[in-house]
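Please treat every number below as a calculation from the coordinates, not as lab data. Keep in mind the model is a prediction, meaning the values are calculated, not measured. Note that each Cβ is placed from the backbone with ideal geometry, even for glycine, and that neighbours are counted across all protein chains shown.
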Amino acid sequence: MEEALPPERSVAAKIITAELLKLLEPYPAFRGRLQPWMYKIREWPGKVVPESPEQVQAAVLTLISRTLWPHSELRTLIAVLTPLYQHGWCNDAIVRAMDLNPDGSKALPWHAGTGDGKHRGELESFIDKRLRVWRRADPDSLASNKRHVPPSPVLSGKPFHEWAGAMHRVYGDGQRDTPTNPMTPEQITAAYDRNHRRYGTPVARARAREARINEVSNQLSGLGGTIADDPTRDEHQYLDSFDSLRLLADPAVHRALCEFAAAEPRSHHHLTALRGAVRNARLYRTARGRLSVGAAAELAAAVTRADGTPVPQQTLRYLLDNAR
């Protein structure tokens, strides 16, 4: 009993991979490793002319999958198509010769088109008839008169080594030497500072943001009732964009926070209302406008307990950060 042959694509892919490994072995950085781009090559390239018997087998297997010819004709097809490959034919040229006439008109395919698997005679005879049509139109008189001489390729192909070299140049071997930077560490730091002088270094920006938050926290920590007018206070100083106290500018958040702080005892309703107000303020960014330190102090001072004492600023920030 004849052994069942594996699927065409898997055999062709293994052959192509083996041929690539043999061809690219001389490259120093390649070292015979299977590269990721090789996994994507599942069939023989249509414009590559096979040379060795292994390459011819991979090309014929791919041609079978493209033309839906029966796999049982593999050995016959290898014998029939090997002379074509030796004269510079590629799979794209063979498909074109089978599908079209020299004048560009469509030719009848080998499959009868009835859907029941019927075909027009033996496959070898069909291929010979199609090549005879192209042989008659071949300007080479030797090919037109002698049956054993294949006609000129209807499409030009490229050698396997040329295609493999192009693939290697495009996709590489998976390794790249790290280029040495001609600049010293001091020059690199100076170039970074020069290019980011407007914004400062990331560490400097983080420290400045922390300093602004600490300054606002210190100013709000002494709240008690209404803030008295202070002519020395800078009304143009604003809260940091990351400070959760900016949410006090949202009326719904401020109202829910006042009700939560003044409620005795507090119920689940007060916590749910506060969470919903904070969530909507963050989602719809209703408090995205700038909020001055003075305005934030007055809003925070209005949040009092049931006995009228103000809630510390640290507690307010904790509630706004965790009410989600």
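A few points about this structure:
- Distance between modelled label sites at Leu34 and His119, nm, 7 Å Cα→Cβ extension: 3.2
- Residues Ile41, Ile127, sorted so that the one with the fewest Cβ neighbours within 10 Å comes first: Ile41, Ile127
- Relative packing of peptides 102-110, 57-65 - highest average C-beta neighbours within 10 Å first: 57-65, 102-110
- Here the stretch 22-93 and the stretch 294-309 have alpha carbon centers that stand 80 Å from each other.
- Stretching Asn280 away from Asp307 to a fully extended chain increases their span by 6.8 nm, per 0.36 nm per residue minus the current alpha-carbon distance.
- The ranking of Glu25, Glu124 from fewest to most other beta carbons within 10 Å of each one's beta carbon is Glu25, Glu124.
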